[in-house]
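Shown next, in structure tokens, is the structure this report addresses.
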Amino acid sequence: MQSVGVIGAGQMGAGIAQVSAQAGYRVFLSDMDLAHAQKGKEGIARQLDRLVAKDKMEAQERDVLLGRIEPVAGFEPMAAAGLVIEAATEREDIKRGIFEQVGKVLGHQAVLASNTSSIPITRLAQASPDPKRFVGVHFFNPVPLMGLIELIRGLATADETVKIVETYARALGKRVVHANDAPGFIVNRVLMPMLNEACFALGEGVATIPDIDAACQLGLNHPMGPLTLADFIGLDTCLNICHVLYAGTGDPKFRAAPLLVKYVEAGWLGKKTGRGFYDYSGETPVPTR
């Protein structure tokens, strides 16, 4: 496998494209159209420019890495990829539509993977051309810095498919953990109830945004508070994962906090929209309530 296709040029997809290129793979980066794919590559270039400015990367290395990433329109170029990774928004209907379309051009030996953070792989695999060559490959944000990949096999996923992804992950320098095909897998099964409970606490007036974050950051020795982390992940993504966990388990502990629902309805999705639990319009984030 010399080429990797990445579908979705947002924060996650761009990160996957960057680490894949850094590992020596040729990358086809696609999105809704060529302009969005090119914007994704431009974002990668800005990240690398910062590394060069800090003497953490040579300019020549940056140029070589960027030269391996090709923004593309449509899915036809994915026919040349040995591994295609979907990194679209966490909505099952969107993902299934992508799998149906890319399946028309996917190579006969190529692996199709989803970067879903919660949706069952066995169910998603039904929209793929061959469930034996379909697998969950959950990266974490920011992809270049986070050393983990959750690998989730569906009911039909072949052993050879798992081996291909494990080889790819090792080439990226990532640690692989294996999760069963259960809602939320490992990390989000544990993490989302905490973030959701922080939203309940805020909505019920237990404490302010800064105090909830500071309490968890210092009291639990976490690198950031739960509301800051939710903003960083994206409140819409957090809400979608809560919905998947609740629907998949029927356990009321996964019921989404009303305040989280309200923020998403308002379009306050976190850092990516400039406002969530914090306002990011200035140099320093400011709590919104």
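The table that follows gives values for the structure above.
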quantity	calculated
Single residue of region 132-147 satisfying the filter (among the aromatic types (F, W, Y) and assigned to a loop (DSSP other than H, G, I, E, B)) that is modelled with the lowest pLDDT	F140
Flag if N196 is farther than 19 Å from V19 by Cβ, without any contact (Cβ under 8 Å) to a residue 60 or more places away in the chain and not aromatic (F, W, Y)	no
Hits in region 169-184 - residues which are touching a residue at least 12 places away in the same chain (Cβ under 8 Å), over 18 Å from the mean Cα position of the chain (by Cα) and in a helix (DSSP H, G or I)	A171
Single match in A81, A37 (criterion: of a type in the set (G, A, S), in contact (Cβ under 8 Å) with a residue 60 or more places away in the chain and surrounded by 22 or more Cβ atoms within 10 Å (Cβ to Cβ))	A81
Failed item, numbered, when K104 is tested on (1) closer than 18 Å to I94 by Cα; (2) in contact with a strand residue (DSSP E or B) (Cβ under 6 Å, 6 or more places away or on another chain); (3) basic (K, R)	(2)
Whichever residue in region 255-279 is over 20 Å from the mean Cα position of the chain (by Cα) and surrounded by fewer than 20 Cβ atoms within 10 Å (Cβ to Cβ) and, among such residues, is nearest to F232 (Cα to Cα)	D279
Selection from region 148-168 of residues that are of a type in the set (A, V, I, L, M) and in a helix (DSSP H, G or I)	V162, I164, V165
Condition met for A59 (closer than 26 Å to G234 by Cα, modelled with pLDDT of 95 or more and open to solvent by less than 80 Å² (accessible area, probe 1.4 Å))	no
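Yes/no per residue for (1) surrounded by fewer than 17 Cβ atoms within 10 Å (Cβ to Cβ); (2) within 22 Å of L151 (Cα to Cα):
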| position | (1), (2) |
| --- | --- |
| V4 | no, yes |
| Q11 | no, yes |
| A14 | no, yes |
| A21 | no, yes |
| D49 | yes, no |
| D63 | yes, no |
| I69 | no, no |
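So that you can scan it fast, the table gives a plain yes or no per residue for (1) at pLDDT 95 or above; (2) among the basic types (K, R); (3) open to solvent by less than 50 Å² (accessible area, probe 1.4 Å); (4) touching a Gly at 6+ places or on another chain (Cβ under 8 Å):
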{"site": "K163", "(1), (2), (3), (4)": "yes, yes, no, no"}
{"site": "T167", "(1), (2), (3), (4)": "yes, no, no, no"}
{"site": "L191", "(1), (2), (3), (4)": "yes, no, yes, no"}
{"site": "A207", "(1), (2), (3), (4)": "yes, no, yes, no"}
{"site": "D231", "(1), (2), (3), (4)": "yes, no, yes, yes"}
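The values are calculated or read from the model by the stated rules, or taken from the named source; none is laboratory data. The structure presented is a predicted model; accordingly, all values stated were derived computationally and were not measured. Cβ: placed from backbone, ideal geometry, glycine included. Neighbour counts: every protein chain shown. Heads up: the accessible areas ignore ligands, DNA and RNA and are worked out on the full protein's heavy atoms, side chains in. Shrake-Rupley method; radii C 1.70, N 1.55, O 1.52, S 1.80 Å.
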